[in-house]
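For reference, the structure discussed in these notes is given below.
All of the numbers you see were taken from the coordinates with simple rules; none came from a lab. Predicted model, so just to flag it, every value in this text is computed and none were measured. Positions of Cβ are generated from backbone atoms using ideal geometry, with glycine treated the same way; all protein chains shown enter the neighbour counts.
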Amino acid sequence: MTIPLVLVHGLWDDPRLFRRLQERLAGRLPDLYAPHLSHRCGATPLPVLADRLGTLVEERYGPGRPIDLLGFSMGGVIARQWLQRLGGHRRTRRFFSVGSPQNGTLTAQPWPGWLVAGIADMKRGSPLLRRLNDDLSSLEEVECHSYVGRFDHMVIPPGSGVLPLGSSTRLPVWNHRNLIRDRRALDVLVQDLLRP
């Protein structure tokens with residue numbers, strides 16, 4: 001039985017974001033699932049979206065089937081919240097964080113939590129990110145990989161896109177969206193995703 005790959009989109013995105021990646025993996029990784037998480041333009045808190053992600057994964061695969069998980073941008077923080085705080089680590093083999101502000105981003109700093117709680121969760125030093133970084137025990141059970149760009153105008157500084165555990169790869173692209181759409185980035189991601 002192949003291990004499914006669950007793809008988690010970010011802010012102002014939907015599952016169509018992964019079309020090029022899915023085309024590259026078609027026939028090679030047969031079980032791809034990209035659920036839609038309605039973030040309401042950043043107003044929905046990330047823990048709420050993480051809980052929804054867990055519900056959708058369980059509805060599709062039942063309570064125990066192992067998965068691999070890839071989160072792009074805000075989707076990587078949603079996925080990490082599910083892994084570390086909602087038990088997702090118990091069924092996740094590998095976690096691929098692509099262009100995700102795992103240690104916050106300066107682009108989120110001006111946004112007030114009362115207006116856009118999901119964006120505020122990605123501020124540097126936010127309570128959510130502090131909780132995730134204070135206890136890494138569940139994340140240690142998952143094989144983790146971070147992917148960042150040479151320059152990412154959304155995740156600032158670039159080093160904040162690196163998980164505290166696992167490998168880190170700099171993709172040969174300059175634009176945030178190109179981390180998941182550019183051929184050169186996809187070459188690297190597909191190779192890693194297809195590793196046994």
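Going by the alpha-carbon gyration tensor, a ≥ b ≥ c the square roots of its eigenvalues, is the stretch 91-157 rounded (a/c under 1.5) or, if a/c is not under 1.5, prolate (a/b greater than b/c) versus oblate? Don't jump to the answer; show the numbers that get you there.
Working: a/c = 2.46, a/b = 1.39, b/c = 1.77.
Oblate is the answer for the stretch 91-157, as a/c is 1.5 or above yet b/c matches or exceeds a/b.
Relative to the present Cα-Cα distance, how much length would full extension add between SER167 and ARG93 at 0.36 nm per residue of separation?
Details: separation 74, 0.36 × 74 = 26.64 nm, distance 1.46 nm.
Value of the extension gain: 25.2 nm.
Could you grab the relative contact order for the chain? Cα pairs under 8 Å, six or more apart, rounded to a whole percent.
Values: 411 pairs, mean separation 39.2, N = 196.
Relative CO of the chain lands at 20 percent.
Run the numbers for GLU23 and ASP192: contour at 0.36 nm per residue of separation, minus the present Cα-Cα distance, in nm.
Length difference between fully extended and current span is 59.3 nm.
Is there a quick way to get the dipole size of the stretch 151-196? I mean about its Cα centre, with the Cβ of Lys and Arg at +1 and of Asp and Glu at -1; what is the value in debye to the nearest 20? Each step should come with its number before you reach the end.
Working: 6 positive and 4 negative charges, 19 e Å.
Once rounded to the nearest 20, the dipole reads 100 debye.
Let's see if you can work this out: charge +1 on each Lys and Arg Cβ, -1 on each Asp and Glu Cβ, no other charges. What is the dipole magnitude of the stretch 84-129 about its Cα centre, in debye to the nearest 20?
Values: 7 positive and 1 negative charges, 73 e Å.
Charge dipole of the stretch 84-129: 360 debye, to the nearest 20.
Could you give the dipole magnitude of the chain about its Cα centre, charging the beta-carbon of Lys and Arg +1 and that of Asp and Glu -1, in debye to the nearest 20? All intermediate terms of the calculation are to be shown ahead of the outcome.
Numbers: 26 positive and 18 negative charges, 72 e Å.
About 340 debye.
Kindly give Rg over Rh for the chain, based on alpha-carbon atoms, with the Kirkwood expression for the hydrodynamic radius. Before the final figure, lay out the partial values.
Values: Rg = 15.2 Å, Rh = 16.3 Å.
Dividing the radius of gyration by the Kirkwood radius yields 0.93.
What do you get for chymotrypsin sites (Phe, Trp or Tyr not before Pro) in the stretch 6-94 restricted to DSSP loop and a cutoff of at most 16 other Cβ within 10 Å of the site's Cβ? Don't skip to the end; give the middle numbers.
Working: sites: TRP12, PHE18, TYR33, TYR61, PHE72, TRP82; in loops: TRP12.
Here the sparse-neighbourhood loop sites are TRP12.
If you line up the Cα atoms of the stretch 1-110 on their principal axes, what length do they span on each, largest first, in Å?
Dimensions of the stretch 1-110 along the principal axes of its Cα atoms: 46, 30, 22 Å.
May I ask which residue of ASN175, GLY75, SER97 lies farthest towards the positive end of the charge dipole of the stretch 47-186, with charges of +1 (Lys, Arg) and -1 (Asp, Glu) on Cβ and the Cα centre as origin?
Towards the positive end, the residue furthest out is ASN175.
Could you list TRP114, TRP174 in order of exposure, starting from the residue whose Cβ has the fewest other Cβ atoms within 10 Å?
Working: TRP114 8, TRP174 13.
Ranking TRP114, TRP174 by Cβ neighbours within 10 Å, fewest first, gives TRP114, TRP174.
Hey, how many Å between the Cα centroid of the stretch 114-146 and the Cα centroid of the stretch 148-196?
18
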